[in-house]
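First comes the structure, then the notes that go with it.
Just so it is clear, none of the values below were taken in a lab; they were calculated from the coordinates. Nothing here was measured: the structure is a model prediction, and the numbers come from that model. Here Cβ is always computed from backbone atoms with ideal geometry, including for glycine, and neighbour counts include all displayed protein chains.
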Amino acid sequence: MGIKVCKFGGSSLADAVQIKKAQEIIQADPQRKFIVPSAPGKRNKEDQKITDLLYLCHAHAQQGIAFDEVFKLIADRYNQIVEELGLGVDMTPHLNKAQADIAAGASSDYAASRGEFLNGPIIADLLGFTFIDPAHVIFFDSHGKFDVEKTQQVLSKKLARVDNAVIPGFFGAMPNGEIKTFSRGGSDITGAIVARAANASVYENWTDVSGLLKTDPRIVDNPKTIDTITYKELRELAYMGASVMHEEAIFPVRIAGIPINIRNTNTPNDAGTMIVSDDDTSFESDSITGIAGRKDFSVIYIEKALMNLEIGFGRRLLEVLEDHQVSYEHMPSGIDTASVVIARTQLEGKLDEVLKDIEHNCKPDRISVFEDMALIATVGRGMNHIIGISGRLFTALGQAGVNVRMIDQGSSEMNIIVGVEGSDFEKAVHAIYNEFVE
Ligand code: ASP
């Protein structure tokens with residue numbers, strides 16, 4: 001029987017009602033053996049996340065300001081959860097210790113980690129699962145870098161010895177025992193690490209949305225959910241601005257070939273999105289997977305007769321960017337033309353100098369700059385074998401009256417990137433979405 005590792009985000013554990021939903025989900029499937037909780041999150045828009053309150057306590061303590069009142073908000077949240085769930089666990093000693101440690105000058109990582117740490121015994125008690133302190137199984141080296149090997153070794157052994165367990169997310173310990181957290185939202189990372197150590201059949205990431213959306217809901221109303229996406233497609237979409245899981249969270253499960261299933265705690269019957277290995281052929285796609293885009297790019301366009309015969313031209317051009325510490329995104333080129341697409345922020349305060357140096361280094365016939373380009377990536381692993389996708393894409397854009405200023409079919413063959421004027425961005429995303437999804 002496969003093991004499922006379930007990470008529950010802050011909104012899924014924000015109060016007793018939410019925690020009960022998580023409990024039902026866990027108890028509905030005996031494969032759900034290892035649970036990674038976040039700290040209680042916001043119960044409504046105006047509410048505070050426990051993690052943010054803990055950072056605030058730490059900041060106050062550092063400045064010598066009393067933080068009893070803020071800490072009381074935290075203590076009340078946990079005590080209310082315990083009471084409403086009807087549990088016997090006594091949070092007082094845990095809460096007192098956390099407060100005293102913060103007052104005594106504990107680090108901000110320690111303070112923040114208590115949100116997850118304190119949630120652990122509650123969830124463990126509710127489920128009757130073993131509580132595992134991440135400080136004993138998730139390791140960072142003395143420079144604060146996550147120690148993959150040691151963690152994998154110790155954690156996999158520990159998990160093999162228990163039937164089921166609750167392992168709070170977000171933190172671990174350095175060799176001297178000091179607590180260290182991952183970056184914000186880092187319980188996702190813990191979940192992936194636990195999934196790898198348990199050799200899970202799936203890493204379920206329970207949150208408050210029913211998976212990844214096919215495009216940005218700020219542009220298209222109620223976009224459809226992606227059923228299945230490969231890790232590579234996810235990377236392409238994330239790079240182009242789609243907000244997805246932590247890159248670091250994907251890595252441990254990606255190398256282990258474990259799929260991630262993003263699910264909604266509030267609508268547990270929704271299948272959510274499956275993120276699968278790149279060579280998993282059981283999930284064929286007959287259309288596109290998603291559309292993502294970003295605004296605010298500049299394009300430097302260079303023309304020079306016989307550029308194609310000039311050895312070293314590309315190097316000289318890119319050298320200028322390197323000298324100015326400018327990173328570029330794309331460089332589509334023609335026979336006698338080359339353009340470099342660069343995020344506008346990269347060129348701030350440097351554009352004139354960069355152009356001057358390109359003139360000097362490359363001696364172009366013409367150089368011009370277009371400063372308001374948006375890039376839109378249409379991503380789909382099926383693209384390389386479905387005939388006519390690009391035809392449909394450009395027809396849709398043409399019919400919508402969008403002027404395509406640049407085309408770049410990624411070398412991965414699962415991505416067509418078009419550059420359009422910034423003012424056409426939303427219109428173009430709509431046109432592509434309507435053509436392929438609606
Ligand atoms: N509680 C932490 C945060 O708010 C980690 C997490 O929720 O994943 O960033």
Bounding extents of region 49-93 in its principal axis frame from Cα atoms, largest first in Å, are 38, 20, 12
Would you give the gap between the C-alpha center of region 208-269 and the C-alpha center of region 333-411, rounded to a whole Å?
26
Only Lys, Arg, Asp and Glu count, each charged at its Cβ (+1, +1, -1, -1), so figure out the dipole size of region 175-222 about its Cα centre, rounded to 20 debye.
140
For the pairs LYS49/LYS295; LYS7/LYS232; LYS21/LYS45; LYS20/LYS232; LYS180/LYS232; LYS4/LYS97, note any where the Cα-Cα span goes beyond 28 Å.
LYS49/LYS295; LYS20/LYS232; LYS180/LYS232; LYS4/LYS97
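Out of all DSSP beta bridges in the chain, what portion is antiparallel? Express it as a percent rounded to 5. Don't skip to the end; give the middle numbers.
Numbers: 40 of 63 bridges.
In the chain, approximately 65 percent of DSSP beta bridges are antiparallel ones.
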Under 18 Å from the 7 Å Cα→Cβ point of ASP29, by amide nitrogen: which residues of region 146-183?
164-167
Once you put a point 7 Å from the Cα of LYS427 and another 7 Å from the Cα of LYS224, both along the Cβ direction, what distance in nm separates them?
2.6
Across every pair of different alpha-carbon atoms, what Kirkwood hydrodynamic radius in Å does region 1-115 reach?
15.2
Where nothing but the Cβ of Lys and Arg (+1) and of Asp and Glu (-1) is charged, how large is the charge dipole of the chain around its Cα centre, in debye to the nearest 20?
880
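Hey, any idea what Rg/Rh is for region 102-185, computing Rh the Kirkwood way over Cα pairs?
On the way: Rg = 13.0 Å, Rh = 13.3 Å.
We get a ratio of 0.98 for region 102-185.
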Can you give me the distance in nm between label points at ALA400 and ARG366, each placed 7 Å from the Cα along the Cα-to-Cβ direction?
2.9
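Taking the Cβ-Cβ separation of ASP133 and LYS97 as r and a Förster radius of 22 Å, what is the calculated FRET efficiency to the nearest 0.05? Walk me through the numbers on the way to the answer.
Values: r = 13 Å, r/R0 = 0.59.
Once rounded, the FRET efficiency stands at 0.95.
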Kindly identify region 194-271 as rounded, prolate or oblate by the Cα gyration tensor criterion: order the square roots of the eigenvalues as a ≥ b ≥ c, call it rounded if a/c is under 1.5, otherwise compare a/b with b/c, prolate if a/b is larger, else oblate.
oblate
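Would you work out if region 80-220 is rounded, prolate or oblate? Take a ≥ b ≥ c from the square roots of the eigenvalues of the alpha-carbon gyration tensor; rounded if a/c is under 1.5, else prolate when a/b is larger than b/c, oblate otherwise.
Numbers: a/c = 1.29, a/b = 1.14, b/c = 1.13.
Judged from the Cα gyration tensor, region 80-220 comes out rounded (a/c under 1.5).
Order these peptides, 215-224, 376-385, by their mean beta-carbon neighbour count within 10 angstrom, highest first. Could the numbers behind the result be given before it?
Values: 215-224: 14.3, 376-385: 21.5.
Highest-to-lowest ranking by the protection proxy: 376-385, 215-224.
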